[in-house]
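The next block holds one structure in the form of structure tokens; read it before the comments.
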Amino acid sequence: MATGRTHRPATRSRGIPEATVARLPLYLRALTALSERSVPTVSSEELAAAAGVNSAKLRKDFSYLGSYGTRGVGYDVEYLVYQISRELGLTQDWPVVIVGIGNLGAALANYGGFASRGFRVAALIDADPAMAGKPVAGIPVQHSDDLEKIIEDNGVSIGVIATPAGAAQPVCDRLVAAGVTSILNFAPTVLSVPDGVDVRKVDLSIELQILAFHEQRKAGEEAAASDGAGPVAASRDAASADKGPDGDVPAVMPA
């Protein structure tokens, strides 16, 4: 079976936009659910609704992949699962290392969805000597002193960082120097990487803060409505509150 080190996904060479690439996993998830229910075909409207996008955008996205649909019939679910999996590189074996086996790292190691989606957790790595040899999800944790050798021995090109913020950049630097070219970062910090290295950041606190913003806004709208002000007056009051003493909208303060 091919490994992640020697083969790269075909999407970049075919000029598929990043926005389309970001939606392909959504389509694949919806298609996989249909496949598990033994649904043979699906229309663009049904698939778009299941993926949470509009059908015109879905058809545009699929135009970059080729014409897989049949007018009046729709898309063959199993065939489309294969085609999208191939475009995403999921028909290959992608060995992954997880660095930082605290609560989050251990939870990631125990996640059962990696193998079914083309990813194999090749190693778990931690800087704590007390963790060395301890099995997590059936995989013995290895010390970070051996990081470079582990990456070389397993042909790893994807690394997951689940360390504290202060350790993330040094770990990232070592991963890149060892040949890792794609990093999924769960640490609450921004990583600096050279050209040719892709980083995807997952920050749960930021997502919660965005949800808190929306909850606060909804609560304000409900309070305004209960006072009889209505949405127009509430909007006017909100706009007025955003203005400074001279009536100008102040600059956004840095976080």
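A few comments on the model shown:
- Scanning segment 56-74 for residues that are part of a strand (DSSP E or B) and either at pLDDT 90 or above or open to solvent by 40 Å² or more (accessible area, probe 1.4 Å) (or both) yields a total of 1.
One line per residue, one yes/no per condition, for (1) hydrophobic (A, V, I, L, M, F, W, C); (2) surrounded by fewer than 14 Cβ atoms within 10 Å (Cβ to Cβ):
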{"site": "Ala165", "(1), (2)": "yes, yes"}
{"site": "Ala168", "(1), (2)": "yes, no"}
{"site": "Ala177", "(1), (2)": "yes, yes"}
{"site": "Ser182", "(1), (2)": "no, no"}
{"site": "Ala187", "(1), (2)": "yes, no"}
{"site": "Asp198", "(1), (2)": "no, yes"}
{"site": "Ala219", "(1), (2)": "yes, yes"}
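- Top-ranked residue in segment 112-128 [being open to solvent by less than 60 Å² (accessible area, probe 1.4 Å), out of contact with any His (no Cβ under 8 Å at 6 or more places or on another chain) and aliphatic (A, V, I, L, M); ranked as nearest to Ile98 (Cα to Cα)]: Leu124
The values are calculated or read from the model by the stated rules, or taken from the named source; none is laboratory data. Given the structure is predicted, the values throughout are model-derived calculations rather than measurements. So basically every Cβ, Gly included, is an ideal-geometry build from the backbone, and we count neighbours across all protein chains shown. What goes into the accessible areas is simple: the full protein's heavy atoms, side chains included, and nothing from ligands, DNA or RNA. Shrake-Rupley method; radii C 1.70, N 1.55, O 1.52, S 1.80 Å.
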